[in-house]
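The values are calculated or read from the model by the stated rules, or taken from the named source; none is laboratory data. Quantities reported herein were computed from a predicted structural model and do not represent experimental measurements. All Cβ positions, even for glycine, are placed from backbone atoms using ideal geometry, and neighbour counts span all protein chains on display. Accessible surface is based on the protein model in full, side chains and every heavy atom, while ligands, DNA and RNA are left aside. Shrake-Rupley method; radii C 1.70, N 1.55, O 1.52, S 1.80 Å.
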Amino acid sequence: MAIPPTSVRNNARKGLRERKKWSESGAEPPATSVGVARARDLSNGKSLSKSTLNRMVSFLERHAKNYKPGNRDNKGRLTKGTVSYLLWGGKSALSWARSELRKME
């Protein structure tokens, strides 16, 4: 079991805040219910299992190309891909999750 560091927790919180902006504007918010649940677990500092860390690494590796932190739409919202990536803990989560998995092996 691994507890997410502050940077990962903060990225997840930011993702939740940015996702809310999409909802408030009446647009379909980014991310699935799984991504939102992951963000809640991360932002609350919940201890994560090896299987969850593996899923995080898988998601973050697949979607790294969608993470564009400076890109905003014409309403000032971060892009959906960036919000989704943040919900999973952002860039710092990838290196952290990999490190935790190495420790577990």
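Amide H to amide H, with H built 1.01 Å from N, Gly89 comes under 5 Å of Ala12, counting only residues 5 or more places away or on other chains. Calculated accessible area for the chain comes out at 55 Å² per residue, all protein chains present (probe 1.4 Å; ligands, DNA, RNA ignored).
Between the stretch 87-105 and the stretch 2-21, the C-alpha centres lie 14 angstrom from each other.
Between the listed residues Gly45, Thr79, His63, the Cα displaced farthest toward the positive end of the dipole of the chain, a dipole computed from Cβ unit charges relative to the Cα centre, is found at Thr79.
So how do Leu42, Leu94 rank on accessible area, 1.4 Å probe, biggest first, that is with the largest at the start? Walk me through the numbers on the way to the answer.
Values: Leu42 0, Leu94 25 Å².
Order by accessible area, largest first: Leu94, Leu42.
A 1.4 Å probe over all protein chains sorts Thr6, Thr82 by accessible area into Thr6, Thr82, starting with the largest.
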